[in-house]
Structure formats: structure tokens, C-alpha cells
Amino acid sequence: MRRRWAATIGAAVAVALVAAVLLVPVEVRHSAPFGFRLTLDDERGIAVMSGRVRPNYDDFNRLDLDLRAYIVASDYDLAITIRPDRRGAAAIRTIPLSVRGADIRHNKDPLQDPFLTVRFPPIPDSAGKRYSVLVQTGPRNRDDIITLWSMKSYSAVSGRAVVGAILDDPPGDVAPTVLRLVLGALLAGFAAAVGWLTAGLLSLIAAGRPVRLHD
């Protein structure tokens, strides 16, 4: 009876976990040549205050910006503007941002994460479209030097959407049918392992035996 009860709960936990993996939104980074997009003006050889991103998924909702300020003692009032990358397009998101110069100093430590995260309401139907991102300084920072070296972009999507995107565009020469079988087997194996571990722990607890995680 105890084993059946433990097995039932273990199966329920496994199903709930798989549902969470497939349905709960997570932030997924968009594809880029280096994992991020450089904002370099090739003709002038300098970093500029704008760049372009192309989301892989709908609900584009986050930018990570590598901003560099050269007057560390200043505080910066910025506005991040996102618009479709076509002539005359209106801004669809404008995000005000206040940041200390010390947090975006130009000489960042090599081991420091250089990116500043900016979140905004998701942009629906963004998959495959290109957007222009512009960073502008406020009135008190008009004469301050600040640059945007690179940026990363993300969407809030479910695991199901990520799997669907992988199946729509399989890596290399992998056949979609083979990829479905591999992903299905991995997900089923993960669920079975979690269910088995949960049922085993519950059985030990119900039997009054100590649960040892290490010697």
C-alpha cells in the first residue's frame, strides 16, 4: 500500500514537472554570432549608441546592454527606444533608465559581467522580425561620453515554444523525426528519473528509515 501511494505521488510529481518545463515561461536568449551583437560602426571603427536585434521567438521582453561611461562620478539618465527596423517606424517601447556611472564604467573588470539588464512589456509576434535599439542620454548628460559596446536580447517563452522552434529548424542535417524521438526520449527519461527518486524517498520516509544524502 505504501509503495503504491509513493508511486502515485512520484508519477504526479513527474507529470507536474514535465508540464512546468513545457508550459512555464522562461527567458531565452536569441541567436547571435557571439552570443551577443556588437554595436560597432565598421566604417568609423567606433562603438555607437544603437544596434539591431532579430528575435527567434515571440514576446521579446529583455535587453542586456554593455554600456560604457567615461565619467564614473556621474549619474546617467537614459532612454532605451525600440522600434521596427524600417524607415519611419514609430517606437513601440521606450524604457527610462537611471544608472550610476560606477555601474557602467568604461574600464570594467575582466571577470565582471559587463551587461546591464533592461526588461519591458513583451512585444508580441516578434519572432523573425528585426528591431532597432537606440540608447539616448537625458538633458543633464548631453555632453557626457557614453557608448554601447554590445547587447543581448531575450524572449519570455515556454519550453514548448523552444522545442517547437528547434523542430522547425533542426540543427545541421538532423531529420525532424529523429529529433522528435531524441527529445521525447530525453524528456520521458527525465520524468521517469524524477518520479522514481520521489517515490523512493517517500517510501523511505513512510517506512521510518533515515534518508542519507551522503556518507
query = If we only count strands (runs of 3 or more DSSP E) wholly inside the range 37-86, which ones have 1 or more residues that are open to solvent by 30 Å² or more (accessible area, probe 1.4 Å) and at pLDDT below 90?
reply = 50-53, 75-84
message = Going residue by residue through the range 121-137, is there one that turns out to be surrounded by fewer than 19 Cβ atoms within 10 Å (Cβ to Cβ) and without any contact (Cβ under 8 Å) to a residue 24 or more places away in the chain?
response = no
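The values are calculated or read from the model by the stated rules, or taken from the named source; none is laboratory data. Everything numeric here is computed off the predicted structure, so don't read it as measured data. Cβ sites come from the backbone with ideal geometry, for glycine too, and all protein chains shown count toward neighbours. All accessible areas refer to the heavy atoms of the entire protein, side chains included, with ligands and DNA or RNA removed. Shrake-Rupley method; radii C 1.70, N 1.55, O 1.52, S 1.80 Å.
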